[in-house]
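Q: Take this structure first; my questions come after.
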Amino acid sequence: MIPVPSELTRALKTGDNFLVTSHVKPDGDSIGSMSAAGHILKSLGKKFVLYNESGLPGKYTWLDLPAKIHNRPPDNNFDWIVVLDSASPERPGEYIADRINQVPTINIDHHPDNPDFGSINWVDPGFSSVGEMMSLVARQLDLELKGPLAHGIYLAIVSDTGFFSFGNTTPGVLEVTAQMVRQGLDPGQINPLITNQWSVGRIRLHGLALQRSEFVDNGRIGIICITKDMLKNTGTGPEDCEGLVNMLLKVSGVKVACTLREDDEGGVKMSLRSAGQDDVSRIASHLGGGGHKNASGGIINAPLQEAREMVIAGARRSIQ
C-alpha cells in the first residue's frame, strides 16, 4: 500500500485554512473521514470548514464532530480543499467541482477509478476505507487514535468493511482498530449508535422490498426494484434503502446482488454487491458507474424495468 505522501503532511502542517468535503449523499466512510480530518486539523491548530452539499445525515448526529457540517457553500478563501472518498471531482457536487481548478486540492480516496484530479493525490484501492487512510495521516502527525478522532475513523472503517465481514478486511485495518481499542475505543458502546438508527418506516420498506425480491439465472442473481411509490407509501427516503442489497447476498447461491431505485432526479440508482471473485465493478463500469470489486454502483439513465434487464444481462456476463 502507498504510504502517506510527504507533500500531503507538509500541506497540512504549512497551510492555514482548509475546506474539507466528501461526496454528496454521504455514507459512513465519508462522514467518518470528514470528522477525522477535522479533528486532525483542529489538533494542528488550523482553521477549517466542514462542507457537504447533502449535509449531515440524521443517523450520524451522535458523532462528536469537530465542527458543524455546512450544506451551503462557504464564502471563505481557502489555502486547500481536502476532498475525501470521491472517485471524481464531480462527486462532491457543483460547488466543489467548480473550485478544484482554482484552489489547491488534496485528493484522498480508495476508489480504483479515481483519475487523480487533485494537486496532491493519495489514491490507493488497497485500503479498506478513507477512514483507514486518515488513521495513517494522524499517526504520521504523531496524534493518538483515541476519543472523537477514533470514533470517526471507526465509523468509516466498519461502514466500508461491513463490520469486518467484507473482503477488504485486511490485517492492516484490524491492527488499526486494535490500536484504537487499546487506546479506549469501546465497540460495545459505539456499535449500537451506528446500527440502531432505523425508523418504523424503514422496517416496513425493507419488508415490502424483500417480498418483491427476485432471483434469476438459477438463483445466481438477486435483484430488488424500489419504486418512488414504495418510498412514498412507507414514508421513507433513499437513505432507508441502505443495506437491502446486502440482504440478497445472504441467500445461498446468490453471486451478484443488486438494488435498483427510482431516483427523484431521473434515472435509476444502482447498487451492486458480490462475494468472492465475482467482480461487480465491471458491471457498473459498463453501465456508466464504478466502484470496487465487491461493491459498486452508479446511475442508469433508463426506466426501471429497462435498467433491470441491463443489470441482469451484465451480471450474467460477469459471473464466473
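The values are calculated or read from the model by the stated rules, or taken from the named source; none is laboratory data. Since this is a predicted model, take the numbers as computed values, not measurements. Note that we place each Cβ from the backbone using ideal geometry, even for glycine, and neighbour counts take in every protein chain shown. We work out accessible area using only protein heavy atoms, side chains counted, and drop any ligands, DNA or RNA first. Shrake-Rupley method; radii C 1.70, N 1.55, O 1.52, S 1.80 Å.
Q: For segment 156-190 and segment 230-249, what is the separation of their Cα centres, given in Å?
A: Going from one Cα centre to the other spans 26 Å.
Q: Follow-up question, since we're still on this one. Taking a ≥ b ≥ c as the square roots of the eigenvalues of the Cα gyration tensor of the chain, is the shape rounded (a/c under 1.5), prolate (a/b larger than b/c) or oblate?
A: Here the chain falls in the prolate category.
Q: For a protection proxy built on the mean count of beta-carbon atoms within 10 angstrom, sort 17-25, 235-243, 37-45 highest first, please.
A: Ranking the peptides 17-25, 235-243, 37-45 by packing returns 17-25, 37-45, 235-243.
Q: Here is a follow-up. Shape verdict for segment 1-139, please, from the Cα gyration tensor: rounded (a/c under 1.5), prolate (a/b greater than b/c) or oblate.
A: rounded
Q: State the percentage of accessible surface on segment 152-204 attributable to carbon and sulfur atoms; use a 1.4 Å probe and exclude ligands, DNA and RNA.
A: Carbon plus sulfur share of accessible area: 56 percent.
Q: How much length is gained if the chain between Q305 and K47 is pulled fully straight, taking 0.36 nm per residue apart and subtracting their Cα-Cα distance, in nm to one decimal?
A: 88.0 nm
Q: Sticking with this one: If you project the alpha carbons of segment 215-320 onto the principal axes, what extent comes out on each, in Å, largest first?
A: 38, 27, 22
Q: Antiparallel versus total DSSP beta bridges in segment 152-275: what percent is that, nearest 5?
A: Details: 10 of 16 bridges.
If we restrict to bridges inside segment 152-275, about 60 percent are antiparallel.
Q: Now a separate question. Give the distance, in whole Å, between the Cα centre of segment 279-316 and the Cα centre of segment 25-80.
A: 31
Q: Now, a different point. Kindly provide the helix-only [θ] at 222 nm of the chain, computed as the sum of -39,500 (n - 2.57) over DSSP H runs of four or more divided by all residues, to the nearest 500 deg cm²/dmol?
A: Details: 12 runs with 125 residues, N = 320.
Using -39500 (n - 2.57) per qualifying helix, the result is -11500 deg cm²/dmol.
Q: Let me know the charge dipole size of the chain about its Cα centre in debye, to the nearest 20, where only the beta-carbon of Lys, Arg (+1) and Asp, Glu (-1) is charged.
A: 600
Q: If you don't mind, there's one more thing I want to ask. Stretched out fully, how many nm does the piece from L174 to K13 gain, at 0.36 nm a residue minus the Cα gap?
A: 55.1 nm
Q: To make sure I understand the rule: partners must be lysines, Cα under 20 Å from the Cα of K293, and not fewer than 8 residues away in the same chain. Which ones qualify?
A: K250, K255, K269
Q: Next question. Once fully extended, how much extra length lies between S119 and K250, figured as 0.36 nm per residue of separation less the alpha-carbon to alpha-carbon distance?
A: 43.0 nm
Q: Modelling each spin label as a point 7 Å along the Cα-to-Cβ direction, I'd like the K146/V103 distance in nm, to one decimal.
A: 3.4
Q: Out of all DSSP beta bridges in the chain, what portion is antiparallel? Express it as a percent rounded to 5.
A: Antiparallel bridges: around 40 percent, rounded to the nearest 5.
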